[in-house]
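To start, the structure itself, in structure tokens.
The values are calculated or read from the model by the stated rules, or taken from the named source; none is laboratory data. None of these values were measured; they are calculated from a predicted model. Neighbour counts are summed over all protein chains in view; Cβ atoms, including those assigned to glycine, are modelled from backbone coordinates with ideal geometry.
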Amino acid sequence: MNESLRAAEERSAAIEARIATHPEEFRMLTGDRPTGALHIGHYFGSIANRLRLQESGAETWVLVADYQVITDREIASDIRGSVRDLLLDYLAAGIDPERSTIFTHSAVPALNQLLLPFLSLVSVAELQRNPTVKDEAASAGISSINGLMLTYPVHQAADILFCKGNVVPVGKDQLPHIEQTRVVARRFNERYGQTFPEPGALLSEATNLLGTDCTKMSKSRGNSIELRMTADETAKKIKGAKTDSDRNISYDPATRPEVANLLTIASLCEGTPPEQIAAEIGDGGGGALKARVTEAVNTFFAPLRERRLELEPDQSYVDLVLRRGNERANEIAETTLDEVRDKMGMIYP
Ligand code: TRP
């Protein structure tokens, strides 16, 4: 394991321990790109942690990263529809707009303006080394990286630092961006005086949930179990999942990744260890395993799905949540930008 991963994991564990006793010291910021419905990988990888933080009493901010959509595609088709879907998923999952601020970064000009001083603190070579940017370009199938994509880790620093967020619940793939954010905060503080916290990632246990074909779960691969699917759609998706020919079900991630992934999904939904589920299925084979996973997913997500159906027709409520969130985000962003311009000597009569 490399040093920076180890350091990030230690920091995450320290944050976890501190939140339990001092939630008021934390301001959580995290977000998603509005590129389609959330799936169960998002839920267990990040949303569950956000809900836990929200319940703990830490201040929580949830960003709909709409500008990020145009980093790897030329047109953001139906961006409003995607934003709305994401909001419905958040609200259905239990993100509570009374306790969490949900906002879109395109609606917060002062947040985006932080990008200018932040970019001056980062070298082009540093940006070109970012492994997550390279991976994302590769998985989007683009050969030339545009300027927004190259600089978006710095944009992400602005996302986190505009509200002085100090804890960011994300999967391991996002660690290079959190590291970049820490570097930006440190350099800004060194150059202009103490202004920003150096945020830490809060890593979840379940970051590596795979899709039904055993590659990374992602909407574009058609291998994801979406939060909003019906029970029947879920059953169909799981029925098509890859397994292997050994009828005796065992939990062995190294040699039986497909079976282990299905067991992990059932385990997360049921709160039962995967080994125990495997033992209970015994030599029932892939069919019994899939039936168990389907039942687990459908039971666990039933209340969320029901809430989503209730919320869906209420467009004005969803609009109101976002309008209020954007107002709050603008207030904080303007305060931070004023402080930044003051530190840089750029306040004029
Ligand atoms: N880059 C994140 C992703 O691709 C989304 C994101 C944008 C984000 N800004 C953020 C996550 C700030 C955490 C904090 O999933």
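Mind counting the residues in the stretch 58-95 that are assigned to a helix (DSSP H, G or I), of a type outside the set (Asp, Glu) and either more than 13 Å from the ligand (Cβ to nearest atom) or without any contact (Cβ under 8 Å) to a residue 12 or more places away in the chain (or both)? Even if it seems obvious, please write down each step before you answer.
Let us first name the residues in the stretch 58-95 that are assigned to a helix (DSSP H, G or I), namely 66-69, 79-93.
Keeping just the survivors that are of a type outside the set (Asp, Glu) gives 67-69, 79-84, 86-88, 90-93.
Subsequent filtering for residues that are either more than 13 Å from the ligand (Cβ to nearest atom) or without any contact (Cβ under 8 Å) to a residue 12 or more places away in the chain (or both) retains 79-84, 87-88, 90-93.
Residues flagged as assigned to a helix (DSSP H, G or I), of a type outside the set (Asp, Glu) and either more than 13 Å from the ligand (Cβ to nearest atom) or without any contact (Cβ under 8 Å) to a residue 12 or more places away in the chain (or both) within the stretch 58-95 amount to 12.
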Filter pass, Leu111 being under 23 Å from Phe196 (Cβ atoms), within 15 Å of the ligand (Cβ to nearest atom), at pLDDT below 95 and in a helix (DSSP H, G or I): no
Residue ID - farthest from the ligand (Cβ to nearest atom), chosen from residues in the stretch 165-192 that are within 22 Å of Ala20 (Cβ to Cβ) and either aliphatic (A, V, I, L, M) or over 18 Å from the mean Cα position of the chain (by Cα) (or both): Val167
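Considering each of Ile277, Ile249 in turn, give the residue that is surrounded by 21 or more Cβ atoms within 10 Å (Cβ to Cβ), of a type outside the set (Gly, Ala, Ser), in a helix (DSSP H, G or I) and over 24 Å from the mean Cα position of the chain (by Cα).
Ile277
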Number of positions in the stretch 162-186 that are touching a Phe, Trp or Tyr at 6+ places or on another chain (Cβ under 9 Å), within 22 Å of Gln128 (Cα to Cα) and touching a residue at least 40 places away in the same chain (Cβ under 8 Å): 2
Subset of the stretch 123-165 (residues that are under 26 Å from Ser220 (Cα atoms), of a type in the set (Val, Ile, Thr) and touching a strand residue (DSSP E or B) at 6+ places or on another chain (Cβ under 7 Å)): none
Odd one out for Leu5, checked against (1) surrounded by 22 or more Cβ atoms within 10 Å (Cβ to Cβ); (2) modelled with pLDDT under 90: (1)
Residue within the stretch 125-137 that is surrounded by 19 or more Cβ atoms within 10 Å (Cβ to Cβ), at pLDDT below 95 and of a type in the set (A, V, I, L, M, F, W, C) present: yes
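Conditions tested, residue by residue: (1) modelled with pLDDT of 95 or more; (2) closer than 25 Å to Ile95 by Cα.
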position: Ala302; (1), (2): yes, yes
position: Asp314; (1), (2): no, yes
position: Leu320; (1), (2): yes, yes
position: Ala329; (1), (2): yes, yes
position: Ile332; (1), (2): yes, yes
position: Asp338; (1), (2): yes, no
position: Arg341; (1), (2): yes, no
position: Met344; (1), (2): yes, no
position: Pro349; (1), (2): no, no
Subset tally (residues that are among the hydrophobic types (A, V, I, L, M, F, W, C) and free of Cβ contacts under 8 Å to residues at least 12 places away in the same chain) for the stretch 314-342: 1
Among residues of the stretch 32-57, those that are on the phi > 0 side of the Ramachandran plot and either part of a helix (DSSP H, G or I) or within 11 Å of the ligand (Cβ to nearest atom) (or both), counted: 0
Verdict on Thr195 being outside any helix (DSSP H, G or I) and either over 14 Å from the mean Cα position of the chain (by Cα) or at pLDDT 95 or above (or both): yes
Of all residues making up the stretch 124-138, the number that are within 16 Å of the ligand (Cβ to nearest atom) and either in contact (Cβ under 8 Å) with a residue 60 or more places away in the chain or of a type outside the set (S, T, N, Q) (or both): 8
